[in-house]
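This report concerns only the one structure given below.
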Amino acid sequence: MEALLDLHECTVQFGGLTAVNALSLQIGPNDLVGLIGPNGAGKTTVFNIITGIYKPTSGTITLAGSSIVGRKASAIAERGIARTFQNIRLFESLTVFDNVRAAFTMRLRHGIAHALWRGKPFLKEEREINAQVLEILSIFQLEKAHGVACKSLSYGDQRRLEIVRALATRPKLLLLDEPAAGMNPSEKDDLMKLIQFVKEKFQIAVLLVEHDMKVVMGICQRIVVLDYGVKIAEGSPEEIRRNPKVIEAYLGEETTPPAPTP
Amino acid sequence: MRDWSKFALLGAILVSLLVSQFIHLDPYFSIVVVNIGINIILAVSLNLVNGYTGQFSLGHAGFMAIGAYTSAAITSFGGPRWFDWLGGINAFTTSTLFVVALIVGGLAAALAGLVIGVPSLRLKGDYLAIATLGFGEIIRVIIQNTDAMGGSRGFSVSGIYTTIFWTYSVAAITIYVVVNLVHSAYGRGFLTVRDDEIAAEAIGVNTTKYKVVAFVLASFFAGIAGGLYAHFIGYLTPEGFGFMKSIEIIVMVILGGMGNTVGVIFAAILLTILPEVLRPVQQYRMVIYSLMLIILMLTRPQGLFGGLTWRRSTSWLRRKKIPLEDGSAA
Amino acid sequence: MSEFIQQLINGLSLGSIYALIALGYTMIYGVLRFINFAHGDVYMVGAFSGYYLGGWLINSMGMQSSVLLLVVVMVGAMIICALTGLVIERLAYRPLRNSPRLTVLITAIGVSLFLEYSGQVFFGADPKPFPSLIPDRTITYGGLTFTNKELIVLCVTVFLLIGLTFIVRKTKMGMAMRALSFNSTACSLVGINNNVIISFTFGLGSALAAAAGILSSLNYPVITPLMGLLPGIKAFVAAVLGGIGNIPGAALGGLILGVAETMIVGYGDKIHVPPSYRDAVAFVLLIGILLFKPSGILGKGTVEKV
């Protein structure tokens, strides 16, 4: 199966610090891949180079065959990569409805001139967009809250809204940055079901950064482990769970204590 | 379903024409009314940049200056040739000359907005503010050194063409453009740039493009406001377009509640009338103004109308009211 | 050549004034992360303090123009302005400590306007002649002629810079200031009273602005309530030039600006730039630095963490 997203030998250096070191990673069109590693391993940096917020110091990144290195973040989003953020980034002054509607701006057929003239084609497109927004909100049971200021949603609902907004851009690949952070066990269960639902219903690829092992092991088909910017393991959840290098990275080296002095 | 705002615009223009022709105001009141109109244009256009797009521009007066001087140059130097070509000075020839001068003034200001905006809008917050402030001052200094336009001595404008009709027609157009632009799917982009640029980029909003569009559009209208001002006041000096003027406009935007066009219009009216009301205590006017500003920031920084939004985003849904969780309906 | 050195000294003299004011901008930005637009007007308050204090000492106390008079007036003005700075901070900025930066910025503009226009009301808008605090004397050295006033500006500035560097590097207060500029939350967590540090910074910055006001009035003895406007903006540009928040940067920026301006005035027509463009020099430098290195000559860029 040809890779949808292909990172090849990507390195990211900030001054003297190497955040990501010669990382190669492929994601197929309907994969659910987890990216794990201890804190500071470089996981969010990987997200940031994929979405165009940083540029890798070296290496290539291609999406469906064409390179996305050096492109603006908004251009990469247009090509089909959407993401959520570690600290939820909703548009706070906008309602739930408008947060999702904003995701439709990049696919508008009618721009400024039409917004000013307000002829039939413009009004028709606005109506279509409104309908699509309501539709996607109702898939995720958020349509009742559509007029609400997004700040007043519960934390779990805000996370859900951020995912809905990302999906509204009709991506091919969805990046989720620690979506389970701050959730209680039952919310995490809901999240796991949500992610699997999203993958199936929208037929997209999902790359997930997460610390919660239950979530990662529970839904990911494949897991990539990063430590100090280097990929130290890749495989199925079972393989990763048993991998000594992974255990070492998380728990530290196993040492035999010195024999007690008599 | 059709859009009524176009008719509202035509209606406003018609009303201003009628008022201009048939209602004879005391000259003093005419002056205040025209000033209010010009300030509305300036404040509503700046609101697009500062209020809706969240970019702090401190150089709006510079674009007003460009529009003022450019349009004055056209009527002064191009006027005679225009009248010759069209065979005389009458209502038609002066009106067309005026319109041409205004539009060219606006375009010149828009061009300046593009040239200044593209490099400056890469900067954030405080840095953008001082960059725009710097450009505004550079414009002022350049005008001061341009002898063809009078330099520091000033420039005498060739004709007083501005009337209530012209002023309020332009004001109505400005309001129409800004409000309709922001209240569209395209216009939601401006708000996302204001709220969170990184998230905006992540959903495909080209933040740079939106910032530049807002900036250039605002500069265009500021330029036209400048042209109206020039052909109203009759005499231009570079000092009138300095930092202080930019501050006056910003205060209107802030007082009105950034991102609230109705509020900004009210604020423009209020702050144009205020100096007139304070005329008896003329020498204390600025002291009172500055104290008001400080107190406003300390007590109600969101402005008079900030935080009140005009919920039109789901206007078509209001026909089928959808019950919300808390029992009310939207 | 000697004319060039003359111009250079003039430039450094002018630059010293900008540097002293710029230091206040940069220190306040360092601890509060905000641009105190009213700072230029503190410079004006310093000049007027000197005017009234000097006037009183000369006329009512019979003091003579002398180094002693200069020192007394300068210290007096610095104390008055330090207090002014403290009062402004306490009343107008401290309540907004947690407000959006835009709000404080506008408040600062309000304070600036307030100082300028109350100055016009209380002092009168007409220009006033600054009393001569020290008798004029010219000094010749190696074919160059200077007035003692120019040299005093340079010497006093150097002295104040050394004093400031000492405070910032060698005292606990200075260390607290630097710590605060890095991380204000951590500071309060280790028992530092942020309010005291901030007040101190304001007082110190304002005192330097006052010194600038007095020194400037030595060479340009005409003062008006609006005199702080343009130097204030230019000094701010100098601070940005050197790297806002960076103390040596502010001094460097001020000197560069002073020299650049003087050179344009002195030699501008040789490159077809009329001397009347001198005010534009600051803004051109500003745009330049913002486009190429917004963090300033000595500044370090910080990356926003996503």
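The values are calculated or read from the model by the stated rules, or taken from the named source; none is laboratory data. Since the structure is predicted, the reported quantities are computational estimates derived from the model, not experimental observations. Using ideal geometry, Cβ is built from the backbone for each residue, glycine included, and neighbour counts are taken over all protein chains shown.
Residues are listed down the side, and each one gets a yes or a no for (1) assigned to a helix (DSSP H, G or I); (2) under 17 Å from the mean Cα position of the chain (by Cα); (3) of a type outside the set (Lys, Arg):
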residue: B:Gly259; (1), (2), (3): no, yes, yes
residue: B:Gly263; (1), (2), (3): yes, yes, yes
residue: B:Ala267; (1), (2), (3): yes, yes, yes
residue: B:Pro280; (1), (2), (3): yes, no, yes
residue: B:Ile288; (1), (2), (3): yes, no, yes
residue: B:Leu291; (1), (2), (3): yes, no, yes
residue: B:Met297; (1), (2), (3): yes, no, yes
residue: B:Gln302; (1), (2), (3): no, no, yes
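Listed here are the residues, each with its yes/no results for (1) assigned to a helix (DSSP H, G or I); (2) of a type in the set (Gly, Ala, Ser); (3) modelled with pLDDT of 90 or more.
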position	(1), (2), (3)
C:Leu14	yes, no, yes
C:Ile17	yes, no, yes
C:Tyr25	yes, no, yes
C:Phe37	no, no, no
C:Gly40	yes, yes, yes
C:Met44	yes, no, yes
C:Ser49	yes, yes, yes
C:Trp56	yes, no, no
C:Ser65	no, yes, no
Determine whether the range B:100-112 contains at least one residue that is within 14 Å of chain C (Cβ to nearest Cβ) and surrounded by 17 or more Cβ atoms within 10 Å (Cβ to Cβ).
yes
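Does at least one position in the range B:236-254 carry a residue that is within 14 Å of chain A (Cβ to nearest Cβ) and surrounded by fewer than 23 Cβ atoms within 10 Å (Cβ to Cβ)? Don't jump to the end; show me each part of the working.
Going through the range B:236-254, the residues within 14 Å of chain A (Cβ to nearest Cβ) turn out to be none.
No, the range B:236-254 contains no residue that is within 14 Å of chain A (Cβ to nearest Cβ) and surrounded by fewer than 23 Cβ atoms within 10 Å (Cβ to Cβ).
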In the range C:58-77, anything under 25 Å from the mean Cα position of the chain (by Cα), of a type outside the set (Val, Ile, Thr) and crowded, with 16+ Cβ neighbours inside 10 Å is listed as C:Leu69, C:Leu70, C:Met74, C:Gly76, C:Ala77
For the range B:197-209, name all the residues that are buried (at least 22 other Cβ atoms within 10 Å of the Cβ) and in a loop (DSSP other than H, G, I, E, B).
B:Ile203, B:Gly204, B:Val205
Please verify whether the range B:179-195 includes one or more residues that are modelled with pLDDT of 90 or more, over 26 Å from B:Lys124 (Cβ atoms), outside any loop (DSSP other than H, G, I, E, B) and at the interface with another protein chain (Cβ under 8 Å from one of its Cβ atoms).
yes
If you take the residues of the range B:170-202 that are more than 13 Å from the chain's Cα centre (by Cα) and small (Gly, Ala, Ser), which of them is farthest from B:Leu228 (Cα to Cα)?
B:Ala202
Being free of Cβ contacts under 8 Å to residues at least 12 places away in the same chain, in a helix (DSSP H, G or I) and either surrounded by fewer than 16 Cβ atoms within 10 Å (Cβ to Cβ) or facing chain B (nearest Cβ under 7 Å) (or both) is the filter here, so list the residues in the range A:122-155 that pass it.
A:Leu123, A:Lys124, A:Glu126, A:Arg127, A:Glu128, A:Ala131, A:Glu135, A:Ser138, A:Lys144, A:Ser152
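Given the criteria among the charged types (D, E, K, R), assigned to a helix (DSSP H, G or I), facing another protein chain (nearest Cβ under 9 Å) and under 22 Å from the mean Cα position of the chain (by Cα), does A:Arg89 qualify?
Details: among the charged types (D, E, K, R): yes; assigned to a helix (DSSP H, G or I): no; facing another protein chain (nearest Cβ under 9 Å): yes; under 22 Å from the mean Cα position of the chain (by Cα): yes.
Answer is no for this residue.
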Test: C:Val168 is modelled with pLDDT of 85 or more and under 30 Å from C:Pro225 (Cα atoms)
no
In the range C:247-279, the residues that are buried (at least 23 other Cβ atoms within 10 Å of the Cβ) and farther than 15 Å from C:Gly11 by Cβ:
C:Ile247, C:Gly249, C:Ala250
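Quick one: which residue in B:Ser30, B:Ser16, B:Ser57, B:Ser20 is more than 14 Å from chain C (Cβ to nearest Cβ), of a type in the set (Ser, Thr, Tyr) and buried (at least 20 other Cβ atoms within 10 Å of the Cβ)? Steps first, please.
Working: B:Ser30 fails: buried (at least 20 other Cβ atoms within 10 Å of the Cβ); B:Ser57 fails: more than 14 Å from chain C (Cβ to nearest Cβ); B:Ser20 fails: buried (at least 20 other Cβ atoms within 10 Å of the Cβ).
The match here is B:Ser16.
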Taking the range C:110-148, which residues are at pLDDT below 85 and part of a helix (DSSP H, G or I)?
C:Asn148
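Can you tell me which of C:Leu133, C:Leu151, C:Leu105 is in contact with a helix residue (DSSP H, G or I) (Cβ under 8 Å, 6 or more places away or on another chain), over 30 Å from B:Met252 (Cβ atoms) and either more than 12 Å from every other protein chain (Cβ to nearest Cβ) or surrounded by 17 or more Cβ atoms within 10 Å (Cβ to Cβ) (or both)? Please lay out each step first, then the result.
Working: C:Leu151 fails: in contact with a helix residue (DSSP H, G or I) (Cβ under 8 Å, 6 or more places away or on another chain); C:Leu105 fails: over 30 Å from B:Met252 (Cβ atoms).
Within the list C:Leu133, C:Leu151, C:Leu105, the selection yields C:Leu133.
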Can you pull out every residue in the range B:274-289 that is surrounded by 15 or more Cβ atoms within 10 Å (Cβ to Cβ) and either in contact with a Ser or Thr (Cβ under 7 Å, 6 or more places away or on another chain) or more than 20 Å from C:Phe122 (Cα to Cα) (or both)?
B:Pro275, B:Val287
